[in-house]
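A.B. asks: My questions all concern the structure below.
What follows is calculated from the coordinates using simple rules that are stated; it is not laboratory data. As the structure is a computational prediction, the values presented were derived from the model and not from experiment. Please note: Cβ atoms are built from the backbone with ideal geometry, for glycine as well, and neighbour counts cover all protein chains shown.
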Amino acid sequence: MTQPRTLLAKIWDAHHVADTAAGATLIAIDRVFLHERTGASALKSLAAAGRPVLDPARVFAVMDHIVDTRPGRGDQTLMQGGQAFITETREAALAAGIRLFDVTDRDQGITHVISPELGIVLPGVTLVAPDSHTCTQGALGALAWGIGSSEAEHAMATGVLRLARPKTMRVTFKGRLSPGVTPKDMALTLLATHGAAGGSGYVVEFAGEAVGALDIEGRMTLCNMATEFAAMTGIIAPDEKTYAYLAGRRYAPATFDDPYWQTLRTDAGAVFDREIIIDASTIAPMVSWGTSPEHCVAIDGTVPQGPARAHEYIALDAGAPIKGTPIDAAFIGSCTNARLSDLRRAAAILRGRRVSPAIRKALVVPGSMAVKRAAEAEGLDKVFIDAGFEWRMSGCSLCFYAGGEGFEPGSRTISSTNRNFEGRQGPGIRTHIASPETVAASALAGAIADPRERLA
Amino acid sequence: MTPFITLASRAIPLLRDNIDTDAVIPSREMKTTGRTGLADGLFAPWRYGDAAARTPDPTFALNQSQAVGQRILLAGENFGCGSSREHAVWALMEWGIACVIAPSFAPIFKANALRNGLLPVALSGELIAPLAWEEITVDLPSQTVTCGDAIHRFEIETEPKEMLIEGLDAIDLTLKSRPEIDAWTEADKALRPWIYLEKHA
């Protein structure tokens, strides 16, 4: 009988190529995904050093970060100088022989939305991308994590990365979520209770009844914010839902009948370096009050005492109720919450209603062009447009401010994204992150609102 | 990579927790696909009273006269969280910073720093606070930070330490293991054929 192992240990051991003289490990990398913001930089640097991409067939690239999201878009971007990132990524991808999902490609979308859609990420694989939210893809049972440009070059040139073995943490969500409470609220609860550095040094496996009950898209939302927890990544063991989701997708196997796939789970009795248990039934819709994702409170709570800088930037005092805080703008998008199920739940709240006249900008940016087409087939675009939202092409859009399109100066936004950092959505912009339901309910109210009050 | 062995400098304090890479260098300051021209955008939201006009905020640590030419930055918990952009490391190094001392680092920032010759040193917050504006020496071979009579030891994994001291390029080093990598890949093709895709048309 072999020692019980965690899912991380199984994937790690299966990708172990060699130990280095100084105690690190060469870990094989199965998939690399690039985007235009950092991809051109990595590919150009490799080419300049005369280093070919070892296996271009396992490297993918997409235009998502600074592409225009207005209908009829081309290479022009609202960000000054942004076009060069697009054209240089295109040229470099072509030269390297890697598959690019270009601006006008019907499969274009946010990296972490299209990789699962196309079956590029698979259970048990190692996947890296020069993008911190690569942890999203751990929802499919992959060891997927964000790296820098130099490490992306390393993975492409050598097929491996030199790594130290991470510690393991299991976060178990017991019980079931209440109506109107979402995976976003699970992630924000973890951050509020254990801090933005709480996962430092760990790979976090999410487990428990509430995680198993999530659909694949919800699992991606939960894993998406593992990087906000300072974890190397998050991962969820694949189950029948995972294999049903992936079977037959373009780059995935047609079936997952091989017994191998059933081995990709943590064995009973496997020991983690740290365990956290959270009762999912006690989680309420969460919203951020400050400038770190750990600055979160339940929607019916009050702003706690935090760092003075955070209170000053966000202009909210300790003790103030978060609900009812007036907002100027609403954003539904990003690799966190812009998949079809997210749009359906937001649309269910908006259907037949109009955003408050206080809202000066409201945007929906689908996570991929496939999500956009599926939403349109259900008429969700009309629901959003009738409610006063703009309906856009896919991209990262205003999850961050790149210097082109922005919110009006001084805006306070409610956003389905992942980061409420100072200036993340533009200089001086005050961001409150929350679930798509909370964004929709707040847009209707013109103030931070509890989505449960809108549930029929 | 630039080797790192020992470094003496005054330590510039920026003792805030969770300094994210959007603060180190905002997306809008990443103007080209290259790795240079980034120092001007370093800490732009904090360093300039008006980022567009580049008016320095005199209260910001890096703008003070005693920060000129200094190479060590002190910071709070979880330094470099957020975006994976390696531009944060490149911007710090171009400005002159070669070592950041903080209680903890976000993992991607730490890996990026080590690959570029910027040393991340983890010390507890209580040990860091008294170092503010002091002349200190960071010595990698002995893994110590020295400030007057006080000597603090820090931990670093063996391989990154050796690579920093010798200024080794990670890719060159790994390519020496090419026979093992190729052998592993050939064996894996039989085990997991679905990993290996057809070349793109």
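A.B. asks: Please give the length that would be gained between B:Ser124 and B:Leu175 if that part of the chain were fully extended, namely 0.36 nm times their separation in residues minus their C-alpha to C-alpha distance (nm, one decimal). Present the calculation step by step, with values, prior to reporting the outcome.
C.D. replies: Details: separation 51, 0.36 × 51 = 18.36 nm, distance 3.70 nm.
Net length gain for the segment: 14.7 nm.
A.B. asks: Then there's this: Can you give me the distance in nm between label points at A:Ala247 and B:Thr6, each placed 7 Å from the Cα along the Cα-to-Cβ direction?
C.D. replies: 6.6
A.B. asks: Within a Cβ distance under 12 Å of A:Thr69, other residues only, what is the Lys/Arg minus Asp/Glu net charge?
C.D. replies: That sum, taken over residues with Cβ under 12 Å, equals 0.
A.B. asks: Step through the residues of segment B:162-172 one at a time and calculate ³J(HN,Hα) from phi using the Karplus curve (6.51 cos²θ - 1.76 cosθ + 1.60, θ = phi - 60°), rounding each to whole Hz and writing x for Gly and Pro.
C.D. replies: 5, 5, 5, 5, 8, x, 6, 8, 5, 5, 4
A.B. asks: Here's a follow-up. Specify the inter-centroid distance of segment B:7-61 and segment A:344-387, based on alpha-carbon positions, in whole Å.
C.D. replies: 37
A.B. asks: Treat each spin label as a single point 7 Å out from the Cα along the C-beta direction, and report the A:Ala358 to A:Asp300 distance in nm.
C.D. replies: Once both label points are built, they end up 2.1 nm from each other.
A.B. asks: Per residue of segment A:89-104, in order, report the coupling 6.51 cos²θ - 1.76 cosθ + 1.60 (Karplus, θ = phi - 60°) as ³J(HN,Hα) in whole Hz, putting x for Gly and Pro.
C.D. replies: 5, 4, 4, 5, 5, 4, 4, 7, x, 9, 6, 10, 9, 7, 3, 9
A.B. asks: Let me ask another. Counting alpha carbon pairs within less than 8 Å and at least 6 residues apart, what relative contact order, in whole percent, applies to segment A:167-282?
C.D. replies: Result for segment A:167-282 is 41 percent.
A.B. asks: What distance in nm separates the two pseudo spin-label positions at B:Ile151 and A:Lys382, each 7 Å out from Cα along the beta-carbon direction?
C.D. replies: Between B:Ile151 and A:Lys382, the simple spin-label model gives 7.7 nm.
A.B. asks: State the Cα centre-to-centre distance between segment B:70-149 and segment A:277-300 in whole Å.
C.D. replies: Cα centroid to Cα centroid, the span is 31 Å.
A.B. asks: Please list, in order along segment A:406-422, the HN-Hα scalar couplings obtained from phi with the Karplus expression 6.51 cos²θ - 1.76 cosθ + 1.60 (θ = phi - 60°), rounded to whole Hz, x for Gly and Pro.
C.D. replies: Once rounded to whole Hz, the list reads x, 7, 4, x, x, 5, 10, 10, 10, 9, 7, 8, 10, 9, 10, 4, 3.
A.B. asks: FRET efficiency for A:Glu408 and B:Gln64, Cβ-Cβ distance as r, R0 = 30 Å, nearest 0.05?
C.D. replies: The pair A:Glu408/B:Gln64 has a calculated efficiency of 0.35.
A.B. asks: Hey, another quick one. Given A:Lys184/A:Lys323; A:Lys44/B:Lys31; A:Lys44/B:Lys110, which pairs have Cα atoms separated by over 20 Å?
C.D. replies: Flagged as over cut-off: A:Lys44/B:Lys110.
A.B. asks: Nearest-5 percent of antiparallel DSSP beta bridges in segment B:50-201?
C.D. replies: 50
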